[in-house]
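One structure is given below, encoded as structure tokens.
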Amino acid sequence: MRDYKFAIILGVLVIVVILVAYGLERSKSGNNANSPAPYDLVTTFKGDASTSRAFTWYTSDSSAAGILEIVKGQVSSFANTDVQRVDAKSSSIKTDNGTKGVHKVEATGLEPGTLYTYRVGSGVEGEWSPAAEFTTEEDGLDSVSFINVTDSQGETAEDFKLWGNTLNKAFQTFPEAKFIVHNGDLTEDPEDSAGWDDFFGNVQGWISGIPLMPVTGNHDEVDEDATYYTSHFNLPDNGAKGSIAGTSYSFDYGP
């Protein structure tokens, strides 16, 4: 009987340890959500790829302002430079981790084939994203390469590390790729905010500068609802008639 009770207690302890470890692992990518700084930052095309660029990010403070600062060239500081400031369209969304701020903005009037440095935030010191760079589409391209992916969905933080490793390998193989197309099923459960944080967090170094152009799979648009998916991306609104804006669309790049 003692051995039986010991086995039960040991089994319960093992389950508790597994659950705690799982929770800690899933919370790693969500730590940014407890900071005033932007997180889940991604850049996309919305208008002309040669003269504009769009951005989306979350903040833990749902009332925070959203501002884009952008400057031509590679810079290490946004002080004393010719910085263009653009106010984001900010809203809020209720998630399983509280109410978050959603910020979307598009920079227009840019020069083709030009390197830009940018950052996003509330305008308050200490609440900016790290500076990132992107290059607008150059004129006269006769060919273009891009990366096509699908089904990055996962149920654990470890699953999304595979997504990050996959994209790392893709860019190692095709370093000249200009954008990423994602065919859908970005996360397992669109209402799981930790899943979105893992999705973005494992590829942040790429998608803050290289446009990520996704469409919805059956895990992103459920019962004609794509609220969490659309909150994360600033995409063209020229898709199929009757579709939710941003779930299908077209854009031009190169020839």
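The values are calculated or read from the model by the stated rules, or taken from the named source; none is laboratory data. This is a predicted model, so every value here is computed, not measured. Virtual Cβ from ideal backbone geometry, glycine too; neighbours counted across all protein chains shown. When the accessible area is computed, the model is the full protein with side chains, heavy atoms only, and any ligands, DNA or RNA have been set aside. Shrake-Rupley method; radii C 1.70, N 1.55, O 1.52, S 1.80 Å.
Those residues that are within 24 Å of Asn97 (Cβ to Cβ), open to solvent by less than 60 Å² (accessible area, probe 1.4 Å) and without any contact (Cβ under 8 Å) to a residue 40 or more places away in the chain, I need them from the range 222-246; list them, please.
Listed by number, the residues that qualify are Ala226, Thr230, Ile244, Gly246.
Under 21 Å from Tyr58 (Cβ atoms), out of contact with any Cys (no Cβ under 7 Å at 6 or more places or on another chain) and at pLDDT below 95: which single residue out of Gly101, Gly123 fits that description?
Gly123
Can you confirm whether the range 191-198 contains a residue that is in a loop (DSSP other than H, G, I, E, B), of a type in the set (S, T, N, Q) and either under 25 Å from Thr114 (Cα atoms) or open to solvent by less than 50 Å² (accessible area, probe 1.4 Å) (or both)?
No: the range 191-198 contains no residue that is in a loop (DSSP other than H, G, I, E, B), of a type in the set (S, T, N, Q) and either under 25 Å from Thr114 (Cα atoms) or open to solvent by less than 50 Å² (accessible area, probe 1.4 Å) (or both).
Could you check Asp151 against (1) within 22 Å of Asp220 (Cα to Cα); (2) of a type in the set (Asp, Glu); (3) in a strand (DSSP E or B) and say which number it fails?
Evaluating Asp151 over (1) within 22 Å of Asp220 (Cα to Cα); (2) of a type in the set (Asp, Glu); (3) in a strand (DSSP E or B) leaves (3) as the failure.
Search the range 117-142 for residues that are part of a loop (DSSP other than H, G, I, E, B) and pair each with any residue that is open to solvent by 70 Å² or more (accessible area, probe 1.4 Å) when their beta-carbon atoms are under 6 Å apart and the residues are at least 6 apart or on different chains.
Listed pairs, sorted by first residue: Asp142/Pro255.
Checking the structure you have, find out if any residue of the range 183-191 is more than 20 Å from Asn97 (Cα to Cα), modelled with pLDDT of 95 or more and under 12 Å from the mean Cα position of the chain (by Cα). Before the answer, list the steps.
Start the filter on the range 183-191 by keeping residues that are more than 20 Å from Asn97 (Cα to Cα), which leaves 183-185.
If we keep only those that are modelled with pLDDT of 95 or more too, we end up with 183-185.
Restricting the remaining residues to those that are under 12 Å from the mean Cα position of the chain (by Cα) gives none.
Within the range 183-191, none of the residues are more than 20 Å from Asn97 (Cα to Cα), modelled with pLDDT of 95 or more and under 12 Å from the mean Cα position of the chain (by Cα).
Condition test on Glu158, is it charged (D, E, K, R), outside any strand (DSSP E or B) and either in contact with an Asp or Glu (Cβ under 8 Å, 6 or more places away or on another chain) or more than 30 Å from Val75 (Cα to Cα) (or both)? Write out each step before concluding.
On the way: charged (D, E, K, R): yes; outside any strand (DSSP E or B): yes; either in contact with an Asp or Glu (Cβ under 8 Å, 6 or more places away or on another chain) or more than 30 Å from Val75 (Cα to Cα) (or both): yes.
Criteria met by Glu158.
Of the conditions (1) modelled with pLDDT under 95; (2) over 24 Å from Asp220 (Cα atoms); (3) touching a Gly at 6+ places or on another chain (Cβ under 9 Å), Ser77 fails just one. Which one is it?
(3)
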